[in-house]
Amino acid sequence: MSKKTKKRKEGAPTLSSADLNVKMAWLYHVEGLTQERIASLLDVSRMKVMRALAASAEDHIVVTTINADTADQVALERRLEKRWNLKSAIVVPEPQETRNLERAIGHAVARYLEEQFVDGMTLAIGGGATLHASLAFMARRELKDSSVIGLVGSLPHSQWINPSIVATKVAERLKVDSYQISAPVIVDDPALRDRLWEQASLSDVRQRAAKADMALLTVGEVSADATIFRHGIVPQSLIGPLREKGAVANILCHFVDREGRLVDHEVNRRIMAIDLETVARTPHVILAAGGEQKVAAILAALRTVSAEALITDAATARLLLEEAGEAEG
């Protein structure tokens, strides 16, 4: 294992951005950080920072203000990072068509994993449309001593909505082993769920997930348009009862309220997925989601897990800050 890999594994994740050179300029010229501090945050050499700052002046990115198309995104990133104590916020531009939002965020997810997921690490990953979209942009690599763990059970058919597919395909692209919860996403009763977790193979997956270095999650709202309901993973007949219990979000098919707490509904006791408390203890949690309809769900997810990174779009970022009571600076 290289020194850089060892440092990445044992330390905090590095700062990231939709435009890293602009972020360097922002940190130096706007926030007044030293070149040494910036280099430490980004896990790069001071020489690289110096070159980026010199180039930003030559390219007129910096005049007396940050003068780049991505400057507004970086400003939003910094506000999100400070508001939720994130190591990194990555804000992508709003797509021209809403239907392309998941692909835009998925592209950023793929880039982030390429930077942060290295040899010797274990990645635990959920499912959903946003994470599935990242597969189209994920470069093929061959990592050593790494693995990918699926955090959610399976469906009896293999369409993209099957939560376990994302973990399998990520592992294939990185040529590493994958471990899956080989049981249905939802079982008939809580007692059956408990018995399944007692099986040696599933207990092994659970233990591996608890030791993961990174967890990649998305979040869905509680509405008929959410993937989990639209595709029948959970019956739409439960939307009303779940809302009555206060549910505003589903994370790994677990339903939580605005404060990020599991709601008292029987479906939460029948879900075959790694529990949210275990996931929240993962050293490096990445939350990737966007869309106006998901703002309440994202806020709930930020209270449920202590995210190190948030990947979203500019419109959603502004709404998150507004809902959190932050006026435009």
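The values are calculated or read from the model by the stated rules, or taken from the named source; none is laboratory data. Keep in mind that this is a model prediction, so the values were computed, not measured. All Cβ positions, glycine included, derive from the backbone under ideal geometry; neighbour counts span all protein chains shown.
Side notes on the structure shown:
- Evaluated against (1) within 21 Å of VAL166 (Cα to Cα); (2) crowded, with 24+ Cβ neighbours inside 10 Å; (3) not acidic (Asp, Glu), THR278 falls short on exactly one condition, (2).
- Residues satisfying the stated conditions in the range 159-177, i.e. buried (at least 20 other Cβ atoms within 10 Å of the Cβ) and of a type outside the set (A, V, I, L, M, F, W, C): ASN162, PRO163, SER164
- All positions within the range 235-269 that are free of Cβ contacts under 8 Å to residues at least 40 places away in the same chain, of a type outside the set (D, E, K, R) and part of a loop (DSSP other than H, G, I, E, B): PRO235, GLY246, ALA247, VAL263, HIS265
- Tally of residues being part of a loop (DSSP other than H, G, I, E, B) and either more than 16 Å from ALA167 (Cβ to Cβ) or not aliphatic (A, V, I, L, M) (or both) across the range 135-153: 8
- Checked against (1) within 14 Å of the chain's Cα centre (by Cα); (2) hydroxyl-bearing (Ser, Thr, Tyr); (3) closer than 30 Å to TRP197 by Cβ, SER147 passes all but condition (1).
- Selection status of GLY127, small (Gly, Ala, Ser), outside any helix (DSSP H, G or I), touching a helix residue (DSSP H, G or I) at 6+ places or on another chain (Cβ under 6 Å) and buried (at least 24 other Cβ atoms within 10 Å of the Cβ): yes
- Scanning the range 209-228 for residues that are out of contact with any Ser or Thr (no Cβ under 7 Å at 6 or more places or on another chain) and not β-branched (Val, Ile, Thr) yields LEU216, LEU217, GLU221, SER223, ALA224, ASP225, ALA226.
- Identity of the residue in the range 211-241, over 20 Å from GLU102 (Cα atoms) and surrounded by 20 or more Cβ atoms within 10 Å (Cβ to Cβ), that ends up modelled with the lowest pLDDT: VAL234
- The set of residues in the range 170-199 that are more than 15 Å from ASP145 (Cα to Cα) and of a type outside the set (A, V, I, L, M, F, W, C) comprises GLN180, SER182, PRO184, ASP188, ASP189, PRO190, ARG193, ASP194, ARG195, GLU198, GLN199.
- Of all residues making up the range 222-272, the number that are acidic (Asp, Glu) and either within 19 Å of LEU151 (Cβ to Cβ) or not assigned by TED's automatic domain parsing to the domain that holds THR130 (or both): 0
- Criterion applied to SER201, SER237, SER223 was being within 22 Å of the chain's Cα centre (by Cα) and not basic (Lys, Arg), and the one residue passing it is SER223.
- Qualifying residue in the range 115-131 (condition: modelled with pLDDT under 95, over 19 Å from the mean Cα position of the chain (by Cα) and in the same structural domain as ASP264 (by TED's automatic domain parsing)): no
- Where a residue in the range 100-124 is of a type in the set (Phe, Trp, Tyr) and its partner, wherever it lies, is in a loop (DSSP other than H, G, I, E, B) and modelled with pLDDT under 95, with Cβ under 8 Å and at least six apart: TYR112/SER16
- When the range 293-305 is filtered for residues that are polar (S, T, N, Q) and free of Cβ contacts under 8 Å to residues at least 60 places away in the same chain, only THR304 remains.
- Taken over the range 154-193, the criterion of being in a loop (DSSP other than H, G, I, E, B), of a type in the set (S, T, N, Q) and touching a Pro at 6+ places or on another chain (Cβ under 9 Å) is satisfied by ASN162 alone.
- Residue tally, condition in contact with a Lys or Arg (Cβ under 9 Å, 6 or more places away or on another chain), part of a helix (DSSP H, G or I) and among the charged types (D, E, K, R), over the range 270-323: 1
- Being touching a residue at least 24 places away in the same chain (Cβ under 8 Å), under 27 Å from MET121 (Cβ atoms) and crowded, with 24+ Cβ neighbours inside 10 Å is true of ILE311.
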